[in-house]
Amino acid sequence: MILTSSPNIDGLTAACGNAAKTGAEQAGAKVLMVNLNQQKIGNCQACGNGWGPCRNEHYCQVKDDFQTLHTSLETIDAFVLVTPVYWGEMSESAKAFTDRVRRCEALKKQNSYFENKLVISVAAAGGSGNGITTCLTSMERFFTQVKAEKYDFIGVTQKNKKYKINTIQEASKEMVTAFLRK
């Protein structure tokens, strides 16, 4: 599954997502692309006393597109999360999604939907390039908390776009190959 999170469907984030898709497909993967900006996923409401059923029952009671997407994660073998860098952080749609997933998945005693699954994080800074490191750190923290197996972290700017697009494609191809070897 490739998750992108930019409202610009023709920008740097989209190009990174498309490169990941191409690489994964070249290695033989069936790829599901999801643009989080095209989903209706609101922010965590910190229900009840700060925890709703997410903590113990592992589902979010806020009704929107999150439920369907969250449930689909269980059958996915590997993930690529691509976000633009806004103020040194993931985009708002990526933060809303990851915040809610983290609450549902991080405290599971049984396997989290991400547990031991390979992931690639891509931070695409279309402007100055500042903030890539803090954005990737935030992505690393999320994937650590949901027990994913981190495969690669890639920062992309307009200046390094040419070779980093190729890097993303190759990393996705290699990640699929590594999965198939397991």
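Go over the candidates CYS44, CYS54 one by one and state the one that is open to solvent by less than 20 Å² (accessible area, probe 1.4 Å), more than 16 Å from the chain's Cα centre (by Cα), in contact (Cβ under 8 Å) with a residue 12 or more places away in the chain and farther than 14 Å from VAL122 by Cβ.
CYS54
How many residues does the range 165-182 hold that are free of Cβ contacts under 8 Å to residues at least 60 places away in the same chain and either open to solvent by less than 40 Å² (accessible area, probe 1.4 Å) or assigned to a helix (DSSP H, G or I) (or both)?
2
I'm trying to understand the selection: among the residues of the range 4-63, which are part of a loop (DSSP other than H, G, I, E, B), small (Gly, Ala, Ser) and out of contact with any helix residue (DSSP H, G or I) (no Cβ under 8 Å at 6 or more places or on another chain)?
Hits for the range 4-63 are GLY11, ALA46, GLY48, GLY50, GLY52.
Has the range 93-104 got any residue that is open to solvent by less than 20 Å² (accessible area, probe 1.4 Å), acidic (Asp, Glu) and in contact (Cβ under 8 Å) with a residue 12 or more places away in the chain?
Looking for residues that are open to solvent by less than 20 Å² (accessible area, probe 1.4 Å), acidic (Asp, Glu) and in contact (Cβ under 8 Å) with a residue 12 or more places away in the chain, one finds none in the range 93-104, hence no.
Residue pairs, Cβ under 8 Å, 6 or more apart or interchain, first in the range 68-83 and farther than 19 Å from ILE168 by Cα, second in a helix (DSSP H, G or I) and open to solvent by 80 Å² or more (accessible area, probe 1.4 Å). List them.
none
Between a residue in the range 126-151 that is open to solvent by 10 Å² or more (accessible area, probe 1.4 Å) and any residue that is modelled with pLDDT of 95 or more and part of a helix (DSSP H, G or I), which pairs come within a Cβ distance under 6 Å, given they are 6 or more apart or on different chains?
So the pair list comes out as GLY126/LEU12; GLN145/ARG102; LYS150/PHE143; TYR151/MET175.
The values are calculated or read from the model by the stated rules, or taken from the named source; none is laboratory data. Keep in mind the model is a prediction, meaning the values are calculated, not measured. FYI the Cβ positions are ideal-geometry reconstructions off the backbone, even for glycines, and counts take in every protein chain you see. Only protein heavy atoms, including side chains, enter the accessible area calculation; ligands, DNA and RNA are left aside. Shrake-Rupley method; radii C 1.70, N 1.55, O 1.52, S 1.80 Å.
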